[in-house]
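K.L.:
Below are the structure tokens for one structure; questions will follow.
The values are calculated or read from the model by the stated rules, or taken from the named source; none is laboratory data. Remember, it's a predicted structure, so these values are computed and weren't measured experimentally. Cβ placement follows ideal geometry from the backbone for every residue including glycine, while neighbour counts extend to all protein chains displayed. We work out accessible area using only protein heavy atoms, side chains counted, and drop any ligands, DNA or RNA first. Shrake-Rupley method; radii C 1.70, N 1.55, O 1.52, S 1.80 Å.
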Amino acid sequence: MPEAAKRPCALATLPPDPTAGDLDAAYAQRGAQIVACDGARRLAVETLLAERAMQDAQHGLKRPPD
């Protein structure tokens with residue numbers, strides 16, 4: 001599995017004694033971070049699968065569908 005697919009996502013944390021504004025900002029920031037991390041993971045896995053498919057095609061192999 002690609003490193004990017006295994007790497008934990010970086011998520012915003014709250015400062016000590018957070019305010020309501022800190023909570024709102026962290027909520028929005030975490031949402032964006034999760035979307036970006038999920039996209040990077042998906043791209044890494046799709047790239048790996050495409051590479052394997054090209055290698056199999058070069059060698060005349062067929063893999064069963066997922």
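K.L.:
Just to be sure I understand the filter: pairs with C-beta atoms under 6 Å, separated by 6 or more residues or on different chains, first member in region 24-52 and open to solvent by 60 Å² or more (accessible area, probe 1.4 Å), second member outside any helix (DSSP H, G or I) and at pLDDT 90 or above. Which pairs pass?
P.N.:
Q29/A12; R30/L11; R30/A12
K.L.:
Just for region 1-23: of the residues that are surrounded by 10 or more Cβ atoms within 10 Å (Cβ to Cβ) and charged (D, E, K, R), which one is modelled with the lowest pLDDT?
P.N.:
Result: R7.
K.L.:
Within the set of pairs 6 or more residues apart or between chains, which connect a residue that is part of a loop (DSSP other than H, G, I, E, B) inside region 10-22 to a residue that is open to solvent by 80 Å² or more (accessible area, probe 1.4 Å) with Cβ atoms less than 6 Å apart?
P.N.:
L11/R30; A12/Q29; A12/R30
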